[in-house]
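Read-outs throughout are calculated quantities, based only on the coordinates presented, and are distinct from any laboratory measurement. Values in this document were obtained by computation on a predicted structure and should not be read as measured data. Because the Cβ atoms are built from the backbone with ideal geometry, glycine has one as well, and the counts that use them run over all protein chains shown.
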Amino acid sequence: MTNISKNNFHTLLLSWYEKNKRPLPWRKTPSFYAVWISEIMAQQTQMHRVVPYFTQWMLKFPSIEILAHAKEEEILKAWEGLGYYSRVRNIHKTAQLITFEKKGKLPTSYQELCDLPGIGDYTAAAILSIVHNYSYPVYDANVERIFTRLFAIKENPKEKHTKDILKNICADFFLHDNPREYNQAIMEFGALICTPKNPHCTDCFFQKLCQAKYDNLVQDIPFKKKTTYISIHMVTGALFIDGKFYIQKRKDGDVWAGLWEFPGGAIEENESPKDALIREYMEETDIVLDKIIPATIVKNTYTKYRVTMHCFYCTPKIIPCNPSLNEASQGLFLPLEELSNFAYPSGHKKFLAYLQTDITWKEQL
């Protein structure tokens, strides 16, 4: 392994951070609330997307107490587009626990934090070190990537044995005298220099110490398990009656629970998108469709799934109609301008955006 002086490592890293750290809004006043929300938002999300979401969130929910009293519909709408909606539900649960059960008392110990919904080892360490300057090293994908490359660790870092080795290295290199700056610096370095793809090795002050660079293995480390994507073809339709569109709310326990959508579902084998829409509307709402007009096709990737959704405009054969809630907890008929007040899965959000800009449907329905 590369012989790296820890003192040299700390000096170079903190010096770089002081000159290059981004002016992220939660760094101005690193409160418990600000750091907590930013860390949850940043999970599996690029930082340039986090900043506007964070800014709007703090304007809408400026305190934990206000967040605790907010309706789920409001928090889902504020989170719309970030995905992984269980994260925001856990944020809401934690805000309510702090406000109503703990009477506003903020947790200050590692175990207290880990006992809260949605807060694990990494988030607890980040909050305690950044807010209180407590001596807890963070271990995330950025830290993992830096040390696997520095020491040219070729094994899969997600395997327990390899992860244990990396966590020991992380703890060994941790700067106990300045955990707040060190933790932010190493995460920032991984985000800006030692990036997952096309790392900026020419700008890296560790390049002469990096074993992966020396062995020409930077692009191969960390070990990446090849993702096998599953293709799913779906269908949905915006039902139009008397100047209003129908949307329905997904049931608790469903994928995207609590979000709104246009009815639809998966296309079955040997089934056309149009036939699938007719079937799905019958199964979900008991509505028999009349006009079915192609609108657009939207594509999304969710973890290992690649989804192609065929979108239609449609009308019912019988007017007025009262949709059954066979697969939903609530249904509404709304004018186009009110549809954006609700939170949708990303595919339906894209369809809605298309619907809002398309002028042809008025002539066809």
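For the reader, a short list of remarks on this structure follows.
- Degrees separating the helix 273-285 axis from the principal Cα axis of the chain, which is the longest one: 80
- Rounded to whole Å, sorted largest first: equivalent-ellipsoid semi-axes of segment 180-318, Cα gyration tensor: 49, 17, 13
- Treating r as the C-beta distance of Q111 and K208 and R0 as 45 Å, the FRET efficiency rounds to 0.65.
- The three principal axes of the C-alpha atoms in segment 282-340 carry coordinate ranges of 40, 26, 26 Å, sorted with the longest axis first.
- Of all lysines in the structure, the ones whose alpha carbon falls short of 20 Å from that of K160, not counting any fewer than 8 places away in one chain, are K224, K225, K226.
- Counting DSSP beta bridges with both ends in the chain, the antiparallel % (nearest 5): 70
- Evaluated at q = 0.12, 0.23, 0.25, 0.30 Å⁻¹, the base-10 log of the normalised Debye intensity for segment 209-274, with identical point scatterers placed on the Cα atoms, takes the values -0.60, -1.08, -1.12, -1.19.
- Mean Cβ count within 10 Å, highest first, over the residues of peptides 295-304, 165-174, 130-139: 130-139, 165-174, 295-304
- Both radii come from the Cα set of segment 22-82: Rg as radius of gyration, Rh as Kirkwood radius; their ratio Rg/Rh reads 0.94.
- Cβ-Cβ FRET estimate between D177 and Q330, R0 fixed at 41 Å, reported to 0.05: 0.15
- Candidate cross-link partners of K349 among the lysines, defined by an alpha-carbon separation under 19 Å and a same-chain spacing of 8 or more, comprise K77, K244, K249, K251, K299.
- Looking at segment 1-139, the pairs of alpha carbons with a distance over 18 Å make up 59% of the total.
- Of every Cα-Cα pair in segment 57-115, the percent that sits beyond 17 Å: 39
- Pairwise Cα inverse-distance average, inverted: Kirkwood Rh of segment 88-199 (Å): 15.3
- Based on alpha carbons, the Rg and Dmax found for segment 243-288 are 11.8, 34 Å.
- Angle in degrees between helix 121-132 and the longest Cα principal axis of the chain, rounded to the nearest 10: 60
- Most mobile of K21, K350, K103 in a GNM of the chain (Cα contacts under 10 Å): K103
- When only alpha carbons of the chain are considered, Rg and Dmax amount to 24.6, 77 Å.
- Remark: H200, H92, H48 ranked as H48, H200, H92, counting other beta-carbon atoms within 10 Å and listing the fewest first.
- Residue-averaged 222 nm ellipticity for the chain, from DSSP H runs of 4+ at -39500 (n - 2.57), nearest 500: -12500 deg cm²/dmol
- Candidates per GluC sites (Glu not before Pro) in segment 144-232, loop by DSSP, up to 12 other Cβ within 10 Å: E159
- Close amide H contacts of Y134 (hydrogens built in the peptide plane, cut-off under 5 Å, sequence separation of 5 or more or a different chain): S129.
- With a simple spin-label model that places each label point 7 Å from the Cα along the Cα-to-Cβ direction, the separation between R49 and N216 comes to 3.6 nm.
- Selected from S38, S15, S63 as most flexible by GNM, with the chain as the system and alpha-carbon contacts under 10 Å: S15
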